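Engineer: I am attaching a structure below and will ask some questions about it afterwards.
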Amino acid sequence: MRHPQNTAPPANDGSIPQPANGTEPTGAIRPLRVLAIGGGTGLSTLLRGLRRHVAAPGQTPPLPGTISDLAAVVTVTDDGGSSGRLRKDFNMLPPGDLRNCMVALSEEEDLLAQLFSHRFRAGQSLQGHNFGNLFVAALTEITGDFALAIELSSKILATRGRIYPVTTANATLVARMDDGSLVRGETNITASRRRIVELMLDPPDPAPLPETLEAIEHANLITVGPGSLYTSLITNLLVQDISTALANARGLRVFVCNLMTQANESLGLTASEHIERIYEHTREPIFDCALVNTAPFSQETLDRYAAEGASPIVADIDRIQALGVRVIAGDFASEGNVVRHAAGRVTGALLAMGLSAARRQD
């Protein structure tokens, strides 16, 4: 078992340490190779923050603290909404989470990015569909290759990073609930009122993309989360060889903890229990550090989430450290109608950790 790396606490203001007077310090490192694993809104929020630090095309040499290579590995088990309809009609993988990541890694003010985000509001067949999803479906039909369709769509959007489906196998999520029953399909699992005990894929152990395993091997910094504990995070780790590759990875492996509990996925679970549930499925430790929010929320936010049965995730730091995971605690939340991670502060903390770890790797 690999021992956690002892990283220095990073600044939480979203800034990345830079060399003084424009010169690199002794022992300066090359720019970072970063891999983000997850799905849903959490992953796309994180990618928006990371995109701002990706080296500009033609920037030679890239500045220390910039990202020379950014990749995202995305879950593909969604079976609801526009993605679910396309999955059923075209027997293809769901494009929704991947499309969100493409938009997050593109220039968001660009018209093409807005077009990929557009959801049709009328039309019997089109209503509820997202244009980007339909575009990926069309490219999949033309090329006969879902992963290639994602690659080509990313090029059209000029994304600052690569995006991979975690697998191209058409796998279905299956959950064993606390009453022993089995529930099939992500939509049915999230709608169930029972607590998830174990998550599985059918068929089991689908093959990953070779590019995913290569990205894990070469990354300086690997993040898992934020995202729905089971349906966005653990589902990725059930794909063949992914957990083993993470356990053996040389880069710094960081769990980005969610901010609020989620119905049917993490109600009542503390931060350390999120890690424990992940380890129950990976069957070996895969994290060096955990980035955990410890800043309080406004009473208005607490009341709004309490009405939905949700609450802030308890940052039980001592218990996390007892798992052999170093804790990076701070104010990582942004309050609004929906609580999100503050992309700038999260990115600043992650890249500071990545820089420190990469120096040791070099």
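The values are calculated or read from the model by the stated rules, or taken from the named source; none is laboratory data. Since the model is a prediction, treat every value here as computed from it, not as a measurement. Cβ: placed from backbone, ideal geometry, glycine included. Neighbour counts: every protein chain shown.
Engineer: I'm trying to understand the selection: among the residues of region 310-362, which are among the small types (Gly, Ala, Ser) and part of a helix (DSSP H, G or I)?
Structural biologist: If we filter region 310-362 for residues that are among the small types (Gly, Ala, Ser), which is where we start, we get 310-311, 315, 322, 324, 329-330, 333-334, 336, 342-344, 348-349, 352, 354, 356-358.
If the condition is that a residue be among the small types (Gly, Ala, Ser) and part of a helix (DSSP H, G or I), then ALA322, ALA343, GLY344, GLY348, ALA349, ALA352, GLY354, SER356, ALA357, ALA358 are the ones that fit.
Engineer: Being β-branched (Val, Ile, Thr) and within 14 Å of the chain's Cα centre (by Cα) narrows it down to one of VAL256, VAL314, VAL292, so name that one.
Structural biologist: VAL256
Engineer: Would you mind stating whether THR168 is in contact (Cβ under 8 Å) with a residue 24 or more places away in the chain, of a type outside the set (Asp, Glu), out of contact with any Gly (no Cβ under 7 Å at 6 or more places or on another chain) and crowded, with 22+ Cβ neighbours inside 10 Å?
Structural biologist: Values: in contact (Cβ under 8 Å) with a residue 24 or more places away in the chain: yes; of a type outside the set (Asp, Glu): yes; out of contact with any Gly (no Cβ under 7 Å at 6 or more places or on another chain): yes; crowded, with 22+ Cβ neighbours inside 10 Å: no.
In short, no.
Engineer: Conditions: (1) surrounded by fewer than 17 Cβ atoms within 10 Å (Cβ to Cβ); (2) among the charged types (D, E, K, R); (3) more than 14 Å from THR294 (Cβ to Cβ). ARG326 meets all but one. Number of the miss?
Structural biologist: It is condition (1) that ARG326 fails.
Engineer: Another question, then. Any residue in region 66-74 that is touching an Asp or Glu at 6+ places or on another chain (Cβ under 6 Å) and at negative phi?
Structural biologist: Scanning region 66-74, I find at least one residue that is touching an Asp or Glu at 6+ places or on another chain (Cβ under 6 Å) and at negative phi, so the answer is yes.
Engineer: Let me ask you something else. What do you reckon, is HIS274 within 21 Å of GLU186 (Cβ to Cβ), in contact (Cβ under 8 Å) with a residue 12 or more places away in the chain and not charged (D, E, K, R)?
Structural biologist: Considered against the rule, which asks whether it is within 21 Å of GLU186 (Cβ to Cβ), in contact (Cβ under 8 Å) with a residue 12 or more places away in the chain and not charged (D, E, K, R), HIS274 comes out as yes.
Engineer: Name the pairs: first residue in region 108-119 and within 18 Å of LEU50 (Cβ to Cβ), second residue surrounded by 13 or more Cβ atoms within 10 Å (Cβ to Cβ) and modelled with pLDDT of 85 or more, Cβ to Cβ under 7 Å, at least 6 apart or on different chains?
Structural biologist: Within 7 Å, the pairs are ALA113/VAL103; ALA113/SER106; ALA113/LEU157.
Engineer: Another question about this same structure. Return the residues of region 149-160 that are surrounded by fewer than 21 Cβ atoms within 10 Å (Cβ to Cβ) and among the charged types (D, E, K, R); say none if nothing qualifies.
Structural biologist: Passing the criteria: GLU151, LYS155.
Engineer: Quick one: would you say ILE163 is under 27 Å from ASN91 (Cβ atoms), surrounded by fewer than 19 Cβ atoms within 10 Å (Cβ to Cβ) and hydrophobic (A, V, I, L, M, F, W, C)?
Structural biologist: no
Engineer: Let me ask you something else. List the helices (runs of 4 or more DSSP H) inside region 78-129, counting only whole elements, that have at least 3 residues being charged (D, E, K, R).
Structural biologist: Helices (runs of 4 or more DSSP H) meeting the threshold: 81-90.
Engineer: Here's something else I'd like to know. Anything in region 180-200 that is more than 24 Å from the chain's Cα centre (by Cα) and at pLDDT below 95? List them, or say none.
Structural biologist: ARG193, ARG194
Engineer: Within region 331-362, which residues are of a type outside the set (A, V, I, L, M, F, W, C) and either free of Cβ contacts under 8 Å to residues at least 24 places away in the same chain or on the phi > 0 side of the Ramachandran plot (or both)?
Structural biologist: Hits for region 331-362 are SER334, GLY336, ASN337.
Engineer: Is it true that some residue in region 265-272 is modelled with pLDDT under 95, in the same structural domain as LEU43 (by TED's automatic domain parsing) and either in contact with a Gly (Cβ under 6 Å, 6 or more places away or on another chain) or surrounded by fewer than 21 Cβ atoms within 10 Å (Cβ to Cβ) (or both)? Full working, then the answer.
Structural biologist: Step one: list which residues in region 265-272 are modelled with pLDDT under 95, which gives 265-268.
Restricting the remaining residues to those that are in the same structural domain as LEU43 (by TED's automatic domain parsing) gives 265-268.
Now drop any that are not either in contact with a Gly (Cβ under 6 Å, 6 or more places away or on another chain) or surrounded by fewer than 21 Cβ atoms within 10 Å (Cβ to Cβ) (or both), which leaves 267-268.
Yes, that holds for at least one residue.
Engineer: Please go through region 240-263 and pick out each residue that is modelled with pLDDT under 95 and crowded, with 19+ Cβ neighbours inside 10 Å.
Structural biologist: The answer is GLN262, and nothing else.
Engineer: It is to be established whether one or more residues within region 207-214 are buried (at least 22 other Cβ atoms within 10 Å of the Cβ), of a type in the set (Val, Ile, Thr), on the phi < 0 side of the Ramachandran plot and in contact with a His (Cβ under 8 Å, 6 or more places away or on another chain).
Structural biologist: The answer is no; no qualifying residue exists.
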